[in-house]
Amino acid sequence: MKRLIRSLTLENVLSFGGSVTIALGNLNVLVGPNGSGKTNLLDTIGLLRACPSDVERYMRQNGGVHAWVYKDFAPEQLAVTATLGLPSLKANVAHRLEIGIDGVRAVVDFERIFPADSSDGEFFFMNTTHGPIVRSRGVEDQLGRRQLDPHQSVLSQIRAPNRYPELSGVGDAYRAIRLYRGWTFGRDCILRGPQRADLMSGEIQEDFANLALVLNRLRHQPKMKRHLVDHFRLLSETFDDFETRVEAGTLEIVLHEHVESTGQERSWIVSAARLSDGTLRYLALLAILLDPQPPPLVCIEEPELGLDASIIPVIAELLKQASQRMQIIVTTHSTLLVEAIKDPDSLLYFERIAGATRVTQGEPTAVKARARKRTRP
């Protein structure tokens, strides 16, 4: 399985002062105290994902461009360089994005997409003093300075897969990234009631609005349904099955529970509205991690929240197995999860030193020992 993001270099982005390069493997576990920068790394990946749609809007919705530049760094500019492994292309591709500030608006000061292993100035796209230039398959197109919106990435403005496959490949890869961070399963969450039946049943949406549709798709694959049911029984031996019920154009998740009491066997149906937060979280995690056709990169924030300690090793094993089919980035405060995963491809310890995020990588034993001092079970 080819890693989508092989490395990230962040320069004066959020809490990353100076230049910080982070190499990523298939399974990446991020640990460290609150406020150390783990979430900021996911925010940066979200910024890349916004490149094919609307970078300026994403930054505005996440604090505004001034909040994105490390401590009012002068000049007010940040930069992100991602090295990507794209299945559609034979060579790795790098994407560099430099964003400055014009009043209260974000401005793409510079952008370059180029072969990651090239040292001779090759590129597929680059802003120059003479205007943007696109190169592909030996053909060079020079664009007028006013042909591109300076507040947006080129990936949202040029979509021509046949003419510019490198640009389209990067844009398509970014669009496919999924970040699961809104783990709010309170009484009014969308999972507890009937869900719309007219949504897509591919990858799970980040607000879980189509989880019932995804489960409905998976339950009609006999092998996948067995996997889901078997893993769900590990949470509670009383759970017997699950289904999605159709009513008035909506789908609702229900569980079948089987118990023995006073010598009698009883079965009943439990609506998602009556399930605990941890049970719903576990059901969502199963759908994400067992899907046989996952997105290329999935980021999951604190998957252990609300789950009993006995189920943490199950989550660890699911993460390891899923990382064989997709790249995974997980943040956690659980030493149990870190220890159950044992040796992830990349174990990263985040900490703030003199106000800036620093990342320790490559020493699993030392990282675990430092994390154990600060994290909870």
### Query
If you go through segment 279-316 one residue at a time, how many are surrounded by fewer than 17 Cβ atoms within 10 Å (Cβ to Cβ), part of a helix (DSSP H, G or I) and touching a residue at least 40 places away in the same chain (Cβ under 8 Å)?
1
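Do we have K368 as assigned to a helix (DSSP H, G or I), at pLDDT below 90 and buried (at least 17 other Cβ atoms within 10 Å of the Cβ) here?
Numbers: assigned to a helix (DSSP H, G or I): yes; at pLDDT below 90: yes; buried (at least 17 other Cβ atoms within 10 Å of the Cβ): yes.
Judged against the criteria, K368 is a match.
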### Query
Is it the case that segment 87-94 has a residue that's crowded, with 16+ Cβ neighbours inside 10 Å and under 15 Å from Q327 (Cβ atoms)?
yes
### Query
How many residues, within segment 332-358, are surrounded by 16 or more Cβ atoms within 10 Å (Cβ to Cβ), not aliphatic (A, V, I, L, M) and not in a strand (DSSP E or B)?
5
### Task
Could you tell me whether any residue of segment 25-34 is surrounded by 23 or more Cβ atoms within 10 Å (Cβ to Cβ), in the same structural domain as R159 (by TED's automatic domain parsing), among the β-branched types (V, I, T) and closer than 20 Å to I328 by Cα?
yes
### Query
Quick check, is R49 assigned to a helix (DSSP H, G or I), within 20 Å of the chain's Cα centre (by Cα), of a type in the set (D, E, K, R) and surrounded by fewer than 18 Cβ atoms within 10 Å (Cβ to Cβ)?
no
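Do you know which residues across segment 42-84 are hydroxyl-bearing (S, T, Y) and closer than 18 Å to L179 by Cβ? It would help to see each step written out before you state the result.
Let us first name the residues in segment 42-84 that are hydroxyl-bearing (S, T, Y), namely 44, 53, 58, 70, 81, 83.
Passing the criteria: T44, S53, Y58.
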### Message
What pairs come out if I take residues in segment 51-80 that are of a type in the set (D, E) and pair them with residues that are part of a loop (DSSP other than H, G, I, E, B) and at pLDDT 90 or above whose C-beta lies under 7 Å away, six or more apart or interchain?
### Response
D54/Q152; E56/H151; E56/Q152
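When you go through V80, V134 one by one, which is the residue that is more than 22 Å from R3 (Cβ to Cβ), in contact with a helix residue (DSSP H, G or I) (Cβ under 8 Å, 6 or more places away or on another chain) and surrounded by 13 or more Cβ atoms within 10 Å (Cβ to Cβ)?
Numbers: V80 fails: more than 22 Å from R3 (Cβ to Cβ).
Checking each option against the conditions leaves just V134.
Here are I353, I329, I315: which of them is closer than 27 Å to I22 by Cβ and touching a Pro at 6+ places or on another chain (Cβ under 8 Å)? Can you show your working first?
Numbers: I353 fails: touching a Pro at 6+ places or on another chain (Cβ under 8 Å); I329 fails: touching a Pro at 6+ places or on another chain (Cβ under 8 Å).
Within the list I353, I329, I315, the selection yields I315.
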### Message
Between a residue in segment 166-195 that is within 22 Å of L305 (Cβ to Cβ) and without any contact (Cβ under 8 Å) to a residue 24 or more places away in the chain and any residue that is assigned to a loop (DSSP other than H, G, I, E, B) and among the aliphatic types (A, V, I, L, M), which pairs come within a Cβ distance under 8 Å, given they are 6 or more apart or on different chains?
### Response
I190/A209
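Assess whether L27 counts as being within 24 Å of R175 (Cβ to Cβ) and touching a helix residue (DSSP H, G or I) at 6+ places or on another chain (Cβ under 9 Å).
Working: within 24 Å of R175 (Cβ to Cβ): yes; touching a helix residue (DSSP H, G or I) at 6+ places or on another chain (Cβ under 9 Å): yes.
Yes: the conditions hold for L27.
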### Task
Quick one: in segment 196-227, of everything that is in contact (Cβ under 8 Å) with a residue 12 or more places away in the chain and among the basic types (K, R), which residue is farthest from L290 (Cα to Cα)?
R196
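The values are calculated or read from the model by the stated rules, or taken from the named source; none is laboratory data. The model shown is predicted, which means the values in this text are computed figures rather than measured ones. Please note: Cβ atoms are built from the backbone with ideal geometry, for glycine as well, and neighbour counts cover all protein chains shown.
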